[in-house]
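Structure first, then comments.
The values are calculated or read from the model by the stated rules, or taken from the named source; none is laboratory data. Just so you know, these numbers come straight off a predicted model, no measurement behind them. Cβ: placed from backbone, ideal geometry, glycine included. Neighbour counts: every protein chain shown. When the accessible area is computed, the model is the full protein with side chains, heavy atoms only, and any ligands, DNA or RNA have been set aside. Shrake-Rupley method; radii C 1.70, N 1.55, O 1.52, S 1.80 Å.
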Amino acid sequence: MDTSPPDCAWKLSDLAKVPKNGIKVMSTFACGGGSSMGYKRAGCTIVAANDIDPVMAEHYKRNLKPPLYFLCPIGDLLTANLPPELYDLDILDGSPPCSTFSMAGSREKAWGVDKHFREGQAKQVLSDLFFDYLNLVDRLKPKVAIAENVKGMLIGNAKGYTRLVMKRFKEMGYKPQLFLINSADCGVPQKRERVFFVAQRADLDRPKLTLAPRNRWISCAEACRDLPDLPIKDAPLYTKISLHRSRLHQATKPGESFQQANKRLHKKTGGFGQIRLDSKKPSPTLLATWISMHHWRYPRYLTFSETSRLGSFPDDYWVKDPKLGNYMAGMSVPPKMTEQVARAVVDQWLT
C-alpha cells in the first residue's frame, strides 16, 4: 500500500519556492485565504485583503501575512481613504457570500434579507454584497476582476441577477466572461462546481480567455493515503459521532447519504445532509457544516488534516481549533482551483 504523500499535498512553506511574476492581487471576502493561497501558488503577490470576520482575519494574517488587511464590511472600502497601491492592482479578487444563491433551501426567499453570516459580524444583505464588490472594482479599476460564486447563479430566477452583474461590468468599462468550473478538474480531491466571473478592463484589449482545466481526478483515499487512518477508538473527540449515526454509517453505501440507509432501516427520511464518502472518488462539495461529511471507512467525522487535503489547503495551515478549520475549508475556494484560474489570466492577459 502506497503511503507516500500524494501529488495534491503541499505546505505553506512551499510558497517560498514559487517564482514571482510581479502580478499584484487584492482579495476581498478573503475568509481563511483559500483564493489568496491559489494566487500565491500561481506566483502572484497578495498586497491586501479584506474580510468582515475577526476570526477569519486572525487566521488569514497568521498564515498569509499580508502587507495590508482591512477588517471591515466591503462597503466601508467604497468611502475609506485607501493607500495608493490599491489603485495599481492587476487583479481584484472577491467571493461574495453565496448562501442566498445556493442550490439548497429556499433561495429566493433569502434575497434582500439582512443576515448575520457568522457570530460577531454585522448584519448584511448578502444578495447586495456582489454589487458592493463591483462598486469597489469601479473605484480601484484593476486590470482584471475575478469573482467566484455558486453554480446556483446560473439556475432559475438567479439568472436575472447574473445578467445584472454582467451588465454592471460592461457599464464600468470591463469585458466580462462567465465560466463554470469543477474543482475536481483542477486537481482538488473534491467535486465543487463554482461560477467564475472573469473580466478584463476594456483598454487591455486581449482575446477572450480560454479556461477549461482538465486535471486528473483524485479520490478521497488517494488524497489522504499518508495520513493516520484513525479507527473510531483512536480518533479525536470532535470527530466522534452518536451510536445512531454510527449504525447509519455502517448501513450507508459509499457515496450515499444517510437518508437512504434511514429509509431502508427505519422508513424515515432524516439524514439527507450526512454523506459517507466514497474512497474511490473525490469528495462531494465540502460544506461549512463540516459534520455533514463522514469517513469512508470508519463511523466518524473527518479530521482537519483530512478536510484540508480534500479542500487543497496546505498541511501546515494553522488553526485555533480543528472544527473551525473544517468550517474554513468548507467556506473557502480551494486554493488549487483559484490557482488554475490565476494561471490562465496571468498567462493570457497579464504577461
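Remarks
- Contact map, segment 1-26: first residue more than 18 Å from Gly43 (Cα to Cα) and open to solvent by less than 30 Å² (accessible area, probe 1.4 Å), second residue among the basic types (Lys, Arg) and in a loop (DSSP other than H, G, I, E, B), Cβ cut-off under 8 Å, separation 6 or more or different chains; pairs are Pro6/Arg225.
- Trp217 meets all of the listed conditions (1) surrounded by 19 or more Cβ atoms within 10 Å (Cβ to Cβ); (2) at pLDDT 95 or above; (3) more than 23 Å from Gln348 (Cα to Cα) but one, namely (1).
- Of the residues making up segment 132-156, those that are more than 30 Å from Arg214 (Cα to Cα) and either among the acidic types (Asp, Glu) or surrounded by fewer than 19 Cβ atoms within 10 Å (Cβ to Cβ) (or both) are Asp132, Asn135, Asp138, Arg139, Leu140, Lys141.
- Helices (runs of 4 or more DSSP H) completely within segment 221-334 that count 1 or more residues being at positive phi: none
- Residues within segment 220-229 that are among the hydrophobic types (A, V, I, L, M, F, W, C) and either modelled with pLDDT under 95 or surrounded by 19 or more Cβ atoms within 10 Å (Cβ to Cβ) (or both), tallied: 3
- Filter result for Met166 (part of a helix (DSSP H, G or I), open to solvent by 10 Å² or more (accessible area, probe 1.4 Å) and touching a strand residue (DSSP E or B) at 6+ places or on another chain (Cβ under 8 Å)): yes
- Whenever a residue of segment 50-62 is under 11 Å from Cys31 (Cβ atoms) and touching a residue at least 12 places away in the same chain (Cβ under 8 Å), its partners that are open to solvent by 10 Å² or more (accessible area, probe 1.4 Å) and among the basic types (Lys, Arg), lying with C-beta atoms within less than 6 angstrom and at least six residues away or across chains, give the pairs Asp53/Arg118.
- Hits in segment 337-351 (condition: assigned to a helix (DSSP H, G or I) and open to solvent by 20 Å² or more (accessible area, probe 1.4 Å)): Gln340, Arg343, Asp347, Gln348, Leu350
- Enumeration of residues in segment 192-205 that are at pLDDT 95 or above and surrounded by fewer than 16 Cβ atoms within 10 Å (Cβ to Cβ): Ala202, Asp203, Leu204
- Filtered by the rule that a residue be under 27 Å from Pro282 (Cα atoms) and more than 17 Å from the chain's Cα centre (by Cα), segment 19-65 gives a lone residue, Gly43.
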